[in-house]
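Laboratory data are not the source of any read-out in this text; all were calculated from the coordinates shown. Computed from a predicted model, the values in this text were never measured in an experiment. Heads up, the Cβs are rebuilt from the backbone with ideal geometry, glycines too, and the neighbour counts pull from every protein chain shown.
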Amino acid sequence: MPRPTNKAALLETAKENFAKLFALIEKMPLHLQEAELPYNERDKTLRDVLTHLYEWQELLLTFVQTNLNKTSDFVPFLPAPYNFKTYPKYNREILQKHQSTPLQKAKEMLQESFTNCIALIESLPPKTLFVKKHYAWCGNTSLGSYCVSATSSHYDWAIKCVKKAIKNK
């Protein structure tokens, strides 16, 4: 599916991909949901994938909600000391942070965060969402690009991880 370039497509693709992800997960027997994922260097279990999605959605929520209400001293997308050159280190931090998070809790956290992300996206003005540089705190890109990356594109990545697990069971 092509990368969304407007609000309606973003909402549709995010909702579709999220539903596809959870439909795949629900088809998996519990022992497979808790098994190690094949061919994944960083995320070893489904819980790792889901908590990764959750944390990136939370980054989006914090980034947008904080910056929409500021006029200066904008907050970057990634927390200090991370940036887009060092985000793999942040991803490893997420992995370590959630090693004791139960799978069911990860599912619940992700679903709640997804609901919050959709509500946030629905509240944003459609005419400016995909305009590059419209929001100074988005740098040279659009706010919509951040939303796509944290939602629909990330769900697509997770779907691929789950499909590999099912295929290689």
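Side notes on the structure shown:
- Selection within the stretch 63-113 - in a loop (DSSP other than H, G, I, E, B), over 26 Å from GLU34 (Cα atoms) and among the hydroxyl-bearing types (Ser, Thr, Tyr): THR71, SER72, TYR82, THR86
- In the stretch 89-127, the residues that are exposed (fewer than 11 other Cβ atoms within 10 Å of the Cβ) and small (Gly, Ala, Ser): SER100, ALA119, SER123
- Among residues of the stretch 1-18 being of a type in the set (A, V, I, L, M) and surrounded by 18 or more Cβ atoms within 10 Å (Cβ to Cβ), the one that is nearest to SER153 (Cα to Cα) is ALA14.
- Residues of the stretch 1-56 that turn out to be among the small types (Gly, Ala, Ser) and either touching a strand residue (DSSP E or B) at 6+ places or on another chain (Cβ under 9 Å) or under 22 Å from LYS89 (Cβ atoms) (or both), as a count: 1
- The single condition among (1) under 14 Å from the mean Cα position of the chain (by Cα); (2) free of Cβ contacts under 8 Å to residues at least 24 places away in the same chain that VAL148 does not meet is (2).
- Among all positions in the stretch 17-28, there is at least one residue which is in a helix (DSSP H, G or I), out of contact with any Lys or Arg (no Cβ under 7 Å at 6 or more places or on another chain) and of a type in the set (Val, Ile, Thr).
Conditions tested, residue by residue: (1) of a type outside the set (S, T, N, Q); (2) more than 14 Å from ALA158 (Cα to Cα).
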| position | (1), (2) |
| --- | --- |
| LYS20 | yes, no |
| LEU37 | yes, no |
| THR51 | no, no |
| TRP56 | yes, no |
| THR62 | no, yes |
| GLN65 | no, yes |
| LEU68 | yes, yes |
| THR86 | no, yes |
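- For the stretch 29-55, filtered to residues that are among the polar types (S, T, N, Q) and part of a helix (DSSP H, G or I), the residue that is surrounded by the fewest Cβ atoms within 10 Å (Cβ to Cβ) is GLN33.
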